[in-house]
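The values are calculated or read from the model by the stated rules, or taken from the named source; none is laboratory data. All of these numbers come straight from a predicted model, not from anything done at the bench. Cβ atoms come from the backbone with ideal geometry, glycine included; neighbour counts cover every protein chain shown.
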Amino acid sequence: MRRAWVAAAGTTVSQTVPMAVEPPVPQHVPAHPGASSPAVSRRMSTAKRRDTAAELALRQLLHAQGLRYRVAYPVPGQRRRTIDVAFTRARVAVFVDGCFWHGCPEHGTRPRSNSDWWTTKLAANRARDLDTDRLLGELGWTVVRVWEHEEPDAAALRVRQAITR
Ligand SMILES: [Zn+2]
């Protein structure tokens, strides 16, 4: 059952995406056709996780250092995008990016099943990150992107440097 479904999905992709050229990054990635394994299913179900361990560790450090911030603060003019940790007065936007979802060069992986879909999905995520950085930059914000794998102390230092700059 599963094998037939994967073959069908692969056929669809090869018909719609020309192989010779780099496919454009779409604004909207179609819904995943279905989880191919419990692990992938679990990962998909936590797609937009709030309060990840990495983010909590960073926030606790910053708070202990006397810094105050807003959590999940809306990106101005973008209803569906939020800044993980926002320093509104200093206009510093901190994003704690998960290694999988944001394509960390050290830990970013792509599930083997539906790899075409995942390539598109993860490329779209990165494109959206860049677009968010650009939007915030135009509005005078400084963007600090922290990888999930980064040491919280090192990340907190980078954030403080951005605030006091
Ligand atoms: Zn990583």
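Which one is farthest from Trp101 (Cα to Cα), of the residues in the stretch 122-163 that are within 16 Å of the ligand (Cβ to nearest atom) and among the small types (Gly, Ala, Ser)?
Looking at the filtered set, the residue picked out is Ala154.
A quick yes/no check of all residues on (1) surrounded by 10 or more Cβ atoms within 10 Å (Cβ to Cβ); (2) modelled with pLDDT of 65 or more:
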{"position": "Thr16", "(1), (2)": "no, no"}
{"position": "Met19", "(1), (2)": "no, no"}
{"position": "Glu22", "(1), (2)": "no, no"}
{"position": "Gly34", "(1), (2)": "yes, yes"}
{"position": "Arg42", "(1), (2)": "yes, no"}
{"position": "Asp51", "(1), (2)": "yes, yes"}
{"position": "Val94", "(1), (2)": "yes, yes"}
{"position": "Cys99", "(1), (2)": "yes, yes"}
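Going by what's in this entry, would Val29 be described as touching a strand residue (DSSP E or B) at 6+ places or on another chain (Cβ under 7 Å) and at pLDDT 55 or above?
no
Any idea which residue in the stretch 134-165 is nearest to Pro30 (Cα to Cα), counting only those that are surrounded by 16 or more Cβ atoms within 10 Å (Cβ to Cβ) and of a type in the set (Asp, Glu)?
Glu148
Quick check: anything in the stretch 101-110 modelled with pLDDT of 95 or more and in a loop (DSSP other than H, G, I, E, B)?
No: zero hits.
Residues checked against (1) of a type in the set (Val, Ile, Thr); (2) away from the ligand (no atom under 16 Å from the Cβ); (3) in contact with a Gly (Cβ under 9 Å, 6 or more places away or on another chain):
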site	(1), (2), (3)
Thr82	yes, yes, no
Thr88	yes, yes, no
Cys99	no, no, yes
Cys104	no, no, yes
Gly108	no, no, no
Thr119	yes, yes, no
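Testing Phe95 on (1) closer than 22 Å to Pro152 by Cβ; (2) of a type outside the set (Asp, Glu); (3) part of a loop (DSSP other than H, G, I, E, B), one condition comes back false. Which one is that?
Looking at each condition in turn, Phe95 falls short on (3).
Test Pro111 against the stated conditions and say whether it is touching a residue at least 60 places away in the same chain (Cβ under 8 Å), of a type outside the set (A, V, I, L, M) and within 19 Å of Pro30 (Cβ to Cβ).
Judged against the criteria, Pro111 is a match.
Evaluate the stretch 124-140: report whether one residue or more is part of a loop (DSSP other than H, G, I, E, B), under 30 Å from Gly66 (Cα atoms), of a type in the set (A, V, I, L, M, F, W, C) and in contact (Cβ under 8 Å) with a residue 60 or more places away in the chain.
The answer is yes, given that some residue of the stretch 124-140 is part of a loop (DSSP other than H, G, I, E, B), under 30 Å from Gly66 (Cα atoms), of a type in the set (A, V, I, L, M, F, W, C) and in contact (Cβ under 8 Å) with a residue 60 or more places away in the chain.
Given the conditions (1) part of a helix (DSSP H, G or I); (2) buried (at least 17 other Cβ atoms within 10 Å of the Cβ); (3) touching a strand residue (DSSP E or B) at 6+ places or on another chain (Cβ under 9 Å), report the number of the one that Ile83 does not fulfil.
(1)
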